[in-house]
Every structure is written in C-alpha cells, then in structure tokens.
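Peer 1: The structure under discussion is supplied below as structure tokens; questions concerning it will follow.
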Amino acid sequence: QVQLVESGGGLVQPGGSLGLSCAASGSGFTVYHMGWYRQAPGKERELVARLTRGRDTNYADSVKGRFTIARGNATNTVFLQMHSLKPEDTAVYFCNGYIRLLGEVAGTTYWGEGTMVTVSS
C-alpha cells in the first residue's frame, strides 16, 4: 500500500514564502510523475506544478517565477517552494503521484490528504 504524506502549509502574509513537502511511503513501488494541485473554496482542483521522473517540470501560469518544484534525493519525495505568495494562492494543496506497484503493469494516481495554505495579513 502506498500513501502520500504531506507536510508544511500554514498561514503566511502576502509576499511571504512557504514550503511544502511530500513523501510516498510504503514499499515495492516505482514513482513516476509527482506534483502538486490546489483547490480554493468554490473552485475546481487545478495543477500547480508537476515533475516527471526525468525531472521535466510543468507550472501553472499563475505560479511561474514564484514557485519551484523539486525532487528530493530519494525519488519518492517532492518539494514545493513558494515565494511572493498572494491571497489568491490560498487553497488546500494536494500532493499527487503516478506510482506503479511492484508486479503491476500500469501505474495508478495517488493523492495526499491535502494541506491548507492561507495567505492573509
């Protein structure tokens, strides 16, 4: 069984910085893509940033130049460093991973439980 465990988040003032981390726990799996999505109140979940196993990155236009996604030394961890935060960045941030279990032909998308980021003065 694989779980994505997130940490970080909290309250930060506009213009501030915050970091999120996510680790895939368990055994017998291979992690391919990992990334972060967010969902603001009353809105649909949207992609924030994604990192492939080959370390290619994709960012939402709204966060380009402010957010950075990176893998840890272990390929089952991913970090999101957020700078110049704005009130509109307020949302629940979800870790996402495309993971293949040992013995399986195809992978499955896993989600973390989410962590709240609030940008407010």
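Peer 1: Rounded to the nearest 20 Debye, what is the dipole magnitude of the chain about its Cα centre when Lys and Arg each give +1 and Asp and Glu each give -1 at the C-beta?
Peer 2: About 240 debye.
Peer 1: Skip the ligands, DNA and RNA, and give the accessible area per residue of the chain with a 1.4 Å probe, whole Å². The partial results should precede the final answer.
Peer 2: On the way: 6500 Å² over 121 residues.
Spelled out: the 1.4 Å probe surface of the chain, per residue, equals 54 Å².
Peer 1: For the chain, with the dipole built from +1 on Lys and Arg beta-carbon atoms and -1 on Asp and Glu ones, taken about the Cα centre, which of SER27, ASN73, THR115 lies farthest toward the positive end?
Peer 2: Of the listed residues, the answer is ASN73.
Peer 1: Which of these, ALA91, ALA60, ALA23, has the largest mean-square fluctuation under a Gaussian network model of the chain (Cα springs below 10 Å)?
Peer 2: Greatest mean-square fluctuation among the candidates belongs to ALA60.
Peer 1: Measure off, as a whole percent, the carbon and sulfur share of the 1.4 Å-probe accessible area of the chain, all protein chains present.
Peer 2: The value for the chain is 48 percent carbon and sulfur by accessible area.
Peer 1: Under the Karplus relation 6.51 cos²θ - 1.76 cosθ + 1.60, θ = phi - 60°, what is the ordered set of whole-Hz ³J(HN,Hα) values for the stretch 37-45, x standing for Gly and Pro?
Peer 2: Once θ is set to phi - 60°, the couplings for the stretch 37-45 become 10, 9, 9, 8, x, x, 10, 7, 5 Hz.
Peer 1: Can you tell me, using C-alpha contacts under 8 Å and at least 6 residues apart, the relative contact order of the stretch 2-121 as a whole percent? Provide the component values of the computation, followed by the final result.
Peer 2: On the way: 298 pairs, mean separation 43.5, N = 120.
Reported as a whole number, the value is 36 percent.
Peer 1: So what are the chain's ellipsoid semi-axes, whole angstrom, largest first, if each one is the square root of 5 times an eigenvalue of the alpha-carbon gyration tensor?
Peer 2: In descending order the semi-axes read 26, 14, 12 Å.
Peer 1: Once phi is turned into ³J(HN,Hα) by the Karplus curve 6.51 cos²θ - 1.76 cosθ + 1.60 with θ = phi - 60°, what whole-Hz value does each residue of the stretch 105-118 show in order, with x for glycine and proline?
Peer 2: Per-residue couplings from phi come out as 7, 10, x, 9, 8, 10, 10, x, 7, x, 9, 7, 10, 10 Hz.
The values are calculated or read from the model by the stated rules, or taken from the named source; none is laboratory data. Here the structure is a predicted model, which is why all the values come from computation and not from measurement. When we count neighbours, we look across all protein chains shown, and the Cβ atoms used for this are built from the backbone with ideal geometry, even at glycine. The protein model used for the area step is the full one, side chains on, heavy atoms only, and it has no ligands, DNA or RNA in it. Shrake-Rupley method; radii C 1.70, N 1.55, O 1.52, S 1.80 Å.
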